[in-house]
Amino acid sequence: MARLLGPLLYRALLGLICMTALGPAVEVHVPAEPLSTPVGKTAELTCSYSTSVTDNFALEWSFVQPGEPISAAHPILYFTNGHLYPTGSKAKRASLLQNPPTGGVATLKLSDVHLLDTGTYLCHVNNPPDFYTNGLGLINLTVLVAPSSPLCSQTGRISVGGSAALRCSSSEGAPKPVYNWIRLGSFPTPSPGSMVQDEVSGQLILTNLSVASSGTYRCVATNQMGSASCEMTLSVTDPSKGRVAGAVIGVLLGLLFLFVVALCLIRFQKERRRKPKETYWGSDLRYNKFFWAIQRVLPVGKE
């Protein structure tokens, strides 16, 4: 037993001596919660570390767009050999809270943030011979943007008994806006189930339409940065009323035609009586028969 403990104890002591000789591990500390900053403001991405700073100390900040792997990170700035080297598309807006960052604070300041700055930021501290951790901290940043003016549209059969879908969508907004449809003016409450909306997709479904469903509808897109709205006018038609109106118009046009014909015949009859009597042929006889047939429908006045 003693022979077995001897080699094990020796190896443990040897490992401890090696670790002491190589120095402590690099420890990087970043916030556990995601960071959010309004568009146009300055974001401070807090990063601190503990290590024994030597001449080999180096700091790197990089950025990964949402949905991309860490290996696809794009550099923002480097600090090495006592000098700071901003790089990449964010170089003009990136700086360090403390420069040089050799006092345990490696916080990054990013000014005038915009929507494309949303993503994951990597704080990487490298200090050979401290190799016991990767010296990496990740911070998720979300740039808050108010909803842009939404676009309203409609589809469906906009007539009595039909259904319609009103849609509303903003091209910008972070976090993603929620949508709420309201009907403007004072109208009776729609029957249950005839008006259903989805706050996530911005869709409003109207079923069993009636003429009373006509009106102006407003969609409001909202997030924690603000709100924007658009409006749409819905006009529900009644096909049955259109058919009745068409029939009435047809009857009126028919009566008007008969009235005009009667006036023309009356005028012609007056002109005829002023002329001397002449011999009429077969065509005149047919005309007289047509004239007396019209008189039965619309009596012709006498002088």
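Any read-out appearing in this document is the output of simple, stated calculations on the displayed coordinates, not a laboratory observation. Since we're looking at a predicted model, the values are computed, not measured. For neighbour counting, all protein chains shown are included, and Cβ atoms are generated from backbone atoms with ideal geometry for every residue, glycine included.
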So if I take the centroid of the Cα atoms in the range 142-185 and the same for the range 83-129, what is the distance between those two points in Å?
39 Å
Per the charge dipole of the range 151-234 (beta-carbon charges, Lys/Arg positive, Asp/Glu negative, Cα centre), the residue among LEU184, ALA174, SER229 reaching farthest to the positive end is LEU184
Spatially proximal aspartates and glutamates relative to LYS92 (Cα-Cα < 20 Å; intrachain offsets below 8 disregarded)
GLU44, GLU60, ASP112, ASP117
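With N set to the number of residues, divide the alpha-carbon radius of gyration of the range 88-230 by 2.2 N^0.38 Å and report two decimals.
Normalised by 2.2 N^0.38 Å, the Cα Rg of the range 88-230 equals 1.70.
How high is the relative contact order of the range 48-127, in percent, with contacts defined as C-alpha pairs under 8 Å that are six or more residues apart?
Details: 142 pairs, mean separation 31.5, N = 80.
Computed over the range 48-127, the figure is 39 percent.
Assuming 1.002 mPa s and 20 °C, estimate D for the range 23-144 with Stokes-Einstein, Rh taken as the Kirkwood radius over Cα pairs, in µm²/s. Walk me through the numbers on the way to the answer.
Working: Rh = 14.5 Å.
The diffusion coefficient I find is 148 µm²/s.
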What ranking do ILE249, ILE182, ILE158 get, fewest neighbouring Cβ atoms within 10 angstrom at the top?
ILE249, ILE182, ILE158
Jot down the radius of gyration and Dmax of the range 101-150, Cα atoms only, both in angstrom.
15.9, 56
